[in-house]
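The values are calculated or read from the model by the stated rules, or taken from the named source; none is laboratory data. Every value quoted in this text rests on a predicted model; they were computed, and no experiment measured them. Neighbour counts are summed over all protein chains in view; Cβ atoms, including those assigned to glycine, are modelled from backbone coordinates with ideal geometry.
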Amino acid sequence: MTRDIDTSATSNGSAETVFRTRGLTKVYGGNGTAEVRALDGVDLDLPEGELVVLLGPSGSGKSTLLNIIGGLDHATSGQAWFRDRELTKMTDRQLTRYRRDHVGFVFQFYNLVASLTARENVALVTDVAADPMDPDEALDLVGLSGRMDHFPAQLSGGEQQRVAIARAIAKRPGVLLCDEPTGALDSKTGTAVLAALEQVNARFGTTTLVITHNAGIRKMAHRVIRFHDGRVAEIEQNAHRVSASEIEW
Amino acid sequence: MVMLHALDRKLLRDLWRLKAQSLAIALVLACGVAIFLTGLGMVRALEATLEDYYSRQNFAHVFASVRRAPLSVVQDVAEIDGVQTVEARVAGWVVLDLPGRAAPASGRVLSLPENGPLLNVPLLVDGRLPDPDAATEVAVTDRFARANGFSLGDRFSAIADGTRLDLQITGTLRSPEFIYTLPPGGLMPDDAGFGIIWMPERAAAATFGLTGAFNDLSVKLRRDARLAEVIDRVDAILAPWGGTGAHDRETQVSHSFIQAELNQLRSMSAVLPPIFFGIAAFLVNMVLGRIVALERAEIGLLKALGYRDSEIALHYLMLAVLVAAIGIGIGWGAGAWLSTGMSRLYARFFDFPWLVQPHDLDVYALAGLIGLISAGVGALRAAWVAARLAPAVAMAPPAPPSFRRGHMDRLARWLRLPQTAMMVLRGILRWPVRAAFTALGLSLGVSILVASNFMLDSLDAVIDTAFFKSNRQHATLVLAQEAGLDAVTDARHLPGVLAVEPQFDLPVTLHHGSRSKKLAITARMPGGDLARTLDVGNRHVPLPEKGIMLSEQLAAHLGVAPGDTVLVELSGTRSGEFHLPVAAVTRQYIGIGAYMQMDALAERLREGPRVTALNLWIDRAHLSELQAALKEMPMLATAVMLTDVRESFQDTISENVRINTVLFITISVLITVGVAYNGARIQLSERARELASLRILGFTRAEVSSILLGETAILALLAQPLGWAIGAWISWAMMAGFDSDLYRIPLVLTPANFANASLITLAAVTAAALLVRRRLDRADLVAVLKTRE
């Protein structure tokens, strides 16, 4: 059951829509093999500046949505917009440009470049971005100012993930898309990672989408979207958000 | 039906999954196997054939020629300690007038002893030997007969010292003395233009005025004989009769050419295959190492399931063995094909009655074994790592490779290198051994091309020097006997002759201290413009007024330099000795030489100028008249048409160029693609995650590819100068290896050679890189990132 979103009910009351989807559908397989409808006609409007948590069982479609609005994948049908630009019409080259200019990604596995230090991993992005922050500043934001010259092999999992977040935010992206950012972490390091996300969202107003299996994380969100069988099952808004440090793991 | 174990199924599927990489490795290995097989196979075939042929036909050990010696001398030679058999012959040069051939041909007449030859026994191919009592019956070389379309019973004319003989062919022969035959003054065999003619002893002696005498001697030694002592004794015995010096098989033309070929084959099979086996071992090491790293978790699982360490190690060794088996199979096939091609090539230049086929099973087995060992050695490290992995450790993800900051970082920072360049640089520095071997492998591809180009450039230089700078005459007439200067006047009256320059070849032994060399001094008129001597810079240098000029090799052999003095000991019909100052050193690539002005030599000999050969400059419009006149010319031993020699040399070389170019480009491309493709594939495998991350961060395909292929590109560029250096070294070694009294080649290394080698290998690297880039373009970004390494 899909419900239309009340676009007026945003955190700051007057934000514009950053992502809009209409009938967004993604079908895998077909042509003889079993068809899987990963996304099945999703209509969604996400306002600017929010921290949104996407919940749902495996295969419910949340990652597929993230990939399509992040410009990593093409929809089978339906439309998706980033602000006033229609993502579903873009070529691969345009999507690359879009990712480069507007999107920050954080994955469960940190995907750092092993041969570059923390600072250099961030600089990898700031070198090619239009209006980046200083790599040192980005690392400072995630609390890693003391570990900037360390290589990934010399950092803990939580530290590596925070480098990945610094790398994602250093170009001042319009949106930050996180797929299970704490999935590989224990509670203590996971909390530090969430705190970093929270701070980025609060300080820069970066729209942040977080996919998680950990229902506790929903408490820090402005908005929680539950997925089921490729559809949006429920959207709820948090009247009282708690800070990352208070989240029970 | 055979039941395959699950692990064996995995093995076969792995092989199929890695088919492109496996094939690239297998082809490199196949090159090694094929060249080893061909080289060693042909060496053994040639050696076995020679030994067999020589012993069956009683090929002599020592050869001597003499002006004219009575037959009684033969007994003196037979009594030398160590001599088993002696045979005296009459030998002479004749000009041949062959039906249907405008140009005069040359022939070497050899007498057939009445009771049949004891040494250098010719083998009857067709017909019969001439009747000992017949005056006009002869047998000829089989190749000469075939090249001229002669049948048994056909007739042709020979002009011996101005006397025309009408000869009839009774049989065709081949001889261990003439497996490789060079026409006088020629550089390539010429079956139609030069033939050996066996004539009954009595007729031959009558023809050359040697009844009751001989001018050619062959000696077979006992096993315990001392070669050098026998040669000295033979020289001493023949000296009074005009002996020109005995020599052993090493300077017998046919034998020495076969030995040169054998040496070339031996060095080819010693140098090239190890390169291929080494590269194949390195590639197996690199690829298997990566597979074991990727299959860590599977290895842990297998061990958890109860597989023994040895079974796991064997599993990965078997993958290398399968790749090797494919390579060996291809190598055997290619080797058999190459051997057949080589045998055919040998059949064209060498006249063997039979060639022991080089398809020895043990050579095949040895080549296969070496191939297996190479792959096995390459697989050892990976198999060892797989065997040593503890299951619990194996199933946990590996620690990320550790990088350290070093001096390069400061340099890179100072250079303000972008992060992507840092990734490439650190990748190289993190695995320096692998990077070094990759660069070395790529440089070997370059060096093989440099060496093959060098051969062609060098032969070009030889042709240019020998024919266009040094021996510029159109023809050389070799006289049957010494003549006075009136021979020059006679020659000038021949039709079509524009210029004549006389030459006098005097057989001597040059001594300096304990060193000596038998050869002929070539004396010419000063100011000659046809046959010229060149200095070491390949510039024309006039003959010295006084003293003697030596070719570089001869000067080095005697250990003399300009200013030193050599002792000239006369041989042949003259005797005596005198000293001569060495005036200059000259450069020549074919043969060795000592040169003087004619008058200076005549003065030393206290006689008037003598002539043994005439160099001609010809008006080509009157060529056929000249050819007809030469067939009637008295005192002509043979006419060498240098234009024909030049052409046949160039034809042979340009054909070799084609074969070489195809062969060596193939070999070089196989090495280059094998190394570059596997290197880039492993890069792709190791960096898949990083590259997918970068794509997601918004890097374009081109930017990501530049990281992937950057390392390959840098190593390929580094490999170029290294390849040039190795190629130059191989060229130098080849030049040194070719150095003999017969011929030598100059070290010619041109920028065009290096550029050509680099262009071809860089194109091959690019092709290999593009193949890998295509895989990268097709990679599923998200899938890569969602999996744990």
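Out of the residues in the range A:45-54 that are touching a Lys or Arg at 6+ places or on another chain (Cβ under 7 Å) and of a type in the set (A, V, I, L, M, F, W, C), state the one that is surrounded by the fewest Cβ atoms within 10 Å (Cβ to Cβ).
In this case the residue turns out to be A:Val52.
Determine whether B:Ile237 is assigned to a helix (DSSP H, G or I), touching a residue at least 60 places away in the same chain (Cβ under 8 Å) and within 19 Å of the chain's Cα centre (by Cα).
So B:Ile237 fails the test.
Which of the following residues is more than 11 Å from the chain's Cα centre (by Cα), away from chain B (no Cβ under 14 Å) and under 20 Å from A:Asn121 (Cα atoms): A:Arg203, A:Arg162, A:Arg172?
A:Arg162
Before we move on, is B:Ala246 modelled with pLDDT under 95 and touching a helix residue (DSSP H, G or I) at 6+ places or on another chain (Cβ under 7 Å)?
yes
Which residue out of B:Gly371, B:Gly378, B:Gly335 is modelled with pLDDT of 90 or more, buried (at least 20 other Cβ atoms within 10 Å of the Cβ) and over 22 Å from B:Leu40 (Cβ atoms)?
B:Gly378
Tell me, please, whether a residue that is under 23 Å from the mean Cα position of the chain (by Cα) and of a type in the set (Ser, Thr, Tyr) can be found in the range B:332-342.
Yes, the range B:332-342 contains at least one residue that is under 23 Å from the mean Cα position of the chain (by Cα) and of a type in the set (Ser, Thr, Tyr).
Mind listing whichever residues of the range B:399-430 are buried (at least 18 other Cβ atoms within 10 Å of the Cβ) and aromatic (Phe, Trp, Tyr)?
B:Phe403 - this is the single residue of the range B:399-430 that is buried (at least 18 other Cβ atoms within 10 Å of the Cβ) and aromatic (Phe, Trp, Tyr).
Being crowded, with 16+ Cβ neighbours inside 10 Å and modelled with pLDDT of 90 or more is true for just one of B:Thr652, B:Thr672, B:Thr638. Which residue is that?
Answer to the selection: B:Thr672.
Within the range A:109-127, track down each residue that is facing chain B (nearest Cβ under 7 Å), of a type in the set (A, V, I, L, M) and under 15 Å from A:Lys171 (Cα atoms).
A:Ala123, A:Leu124, A:Val125
Tell me yes or no: at least one residue of the range B:295-302 is under 20 Å from B:Leu314 (Cβ atoms) and basic (Lys, Arg).
Yes - at least one qualifying residue is present in the range B:295-302.
Scanning the range A:143-159 for residues that are part of a loop (DSSP other than H, G, I, E, B) and surrounded by fewer than 24 Cβ atoms within 10 Å (Cβ to Cβ), which turns out farthest from the other protein chains (Cβ to nearest Cβ)?
My answer is A:Gly143.
Just one of the numbered conditions (1) assigned to a loop (DSSP other than H, G, I, E, B); (2) under 23 Å from B:Ala613 (Cβ atoms); (3) within 30 Å of the chain's Cα centre (by Cα) is not true of B:Pro544; which one?
B:Pro544 satisfies all of (1) assigned to a loop (DSSP other than H, G, I, E, B); (2) under 23 Å from B:Ala613 (Cβ atoms); (3) within 30 Å of the chain's Cα centre (by Cα) except (3).
Residues that are within 36 Å of the chain's Cα centre (by Cα) and not basic (Lys, Arg): which helices (runs of 4 or more DSSP H) entirely in the range B:394-493 hold 1 or more of them?
Of the helices (runs of 4 or more DSSP H) lying wholly inside the range B:394-493, those with at least 1 residues that are within 36 Å of the chain's Cα centre (by Cα) and not basic (Lys, Arg) span B:432-463.
Based on this model, can you work out whether B:Glu569 counts as assigned to a strand (DSSP E or B), surrounded by fewer than 20 Cβ atoms within 10 Å (Cβ to Cβ) and of a type in the set (D, E, K, R)?
Here the answer is yes, as B:Glu569 does meet what is asked.
With the requirement that a residue be in contact with an Asp or Glu (Cβ under 7 Å, 6 or more places away or on another chain) and charged (D, E, K, R), what does the range B:147-191 give you?
The answer is B:Arg155, B:Arg174.
Go through the range B:151-200 and report how many residues are of a type outside the set (Phe, Trp, Tyr) and either in a loop (DSSP other than H, G, I, E, B) or under 26 Å from the mean Cα position of the chain (by Cα) (or both).
25
Filtering the range A:129-142 down to residues that are touching a residue at least 40 places away in the same chain (Cβ under 8 Å) and farther than 17 Å from A:Cys178 by Cβ, which residue is farthest from the other protein chains (Cβ to nearest Cβ)?
Ranking the qualifying residues of the range A:129-142, first place goes to A:Asp131.
So is A:Val106 farther than 25 Å from A:Gly29 by Cα, assigned to a strand (DSSP E or B) and either facing another protein chain (nearest Cβ under 9 Å) or at pLDDT 85 or above (or both) or not?
Considered against the rule, which asks whether it is farther than 25 Å from A:Gly29 by Cα, assigned to a strand (DSSP E or B) and either facing another protein chain (nearest Cβ under 9 Å) or at pLDDT 85 or above (or both), A:Val106 comes out as yes.
Any chance you could count how many residues in the range A:55-100 are at the interface with chain B (Cβ under 9 Å from one of its Cβ atoms), in contact (Cβ under 8 Å) with a residue 24 or more places away in the chain and either surrounded by fewer than 16 Cβ atoms within 10 Å (Cβ to Cβ) or in contact with a strand residue (DSSP E or B) (Cβ under 9 Å, 6 or more places away or on another chain) (or both)?
7
Look at the range B:106-150 and say how many of its residues are in a strand (DSSP E or B) and over 13 Å from B:Thr181 (Cβ atoms).
Count: 11.
If only one of B:Leu294, B:Leu288, B:Leu262 is crowded, with 21+ Cβ neighbours inside 10 Å and either closer than 17 Å to B:Ser447 by Cα or of a type outside the set (Asp, Glu) (or both), which one is it?
One residue alone meets the criteria, B:Leu288.
Test A:Thr182 against the criterion of being assigned to a loop (DSSP other than H, G, I, E, B) and among the β-branched types (Val, Ile, Thr), and give yes or no.
yes
What residue, of B:Leu510, B:Leu506, B:Leu519, is touching a residue at least 40 places away in the same chain (Cβ under 8 Å) and within 24 Å of B:Thr489 (Cα to Cα)?
Testing whether each residue is touching a residue at least 40 places away in the same chain (Cβ under 8 Å) and within 24 Å of B:Thr489 (Cα to Cα) leaves just B:Leu506.
Name the helices (runs of 4 or more DSSP H) wholly within the range B:1-98 that hold at least 2 residues that are under 30 Å from B:Gly674 (Cβ atoms), free of Cβ contacts under 8 Å to residues at least 60 places away in the same chain and more than 38 Å from the chain's Cα centre (by Cα)?
Hits in the range B:1-98: B:6-17.
Determine whether the range B:431-449 contains at least one residue that is within 14 Å of chain A (Cβ to nearest Cβ) and without any contact (Cβ under 8 Å) to a residue 60 or more places away in the chain.
yes
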